[in-house]
Amino acid sequence: MPGEDDPLGEFLNTCEEVHALWYGFLDAISIPRSGIPYEQEALSEPHYYRLGGFFGRAVTVIAGAILCYLIL
């Protein structure tokens, strides 16, 4: 079990980190996105915001590829 001193134990262990990841994910999958975080939690944890954005873009690309495969 990861402890407080382990790097994995500190990954997403606060609400601010989880919220920043979620805001980045939602900004990446939304159509009219600004790309600039305006929530305080996302501004205080920019690396989690960017990680969420990466996952959001990956989900968008994968969903698009699946839809193209099913249509064609």
Hits in the range 27-72 (condition: modelled with pLDDT under 90, touching a helix residue (DSSP H, G or I) at 6+ places or on another chain (Cβ under 8 Å), more than 20 Å from residue 13 (Cα to Cα) and surrounded by fewer than 15 Cβ atoms within 10 Å (Cβ to Cβ)): 33, 34, 35
The range 35-72: number of residues that are of a type in the set (Gly, Ala, Ser) and either in a loop (DSSP other than H, G, I, E, B) or touching a residue at least 12 places away in the same chain (Cβ under 8 Å) (or both): 6
Condition met for residue 6 (modelled with pLDDT under 90 and more than 9 Å from the chain's Cα centre (by Cα)): yes
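The values are calculated or read from the model by the stated rules, or taken from the named source; none is laboratory data. Everything numeric here is computed off the predicted structure, so don't read it as measured data. Neighbour counts are summed over all protein chains in view; Cβ atoms, including those assigned to glycine, are modelled from backbone coordinates with ideal geometry.
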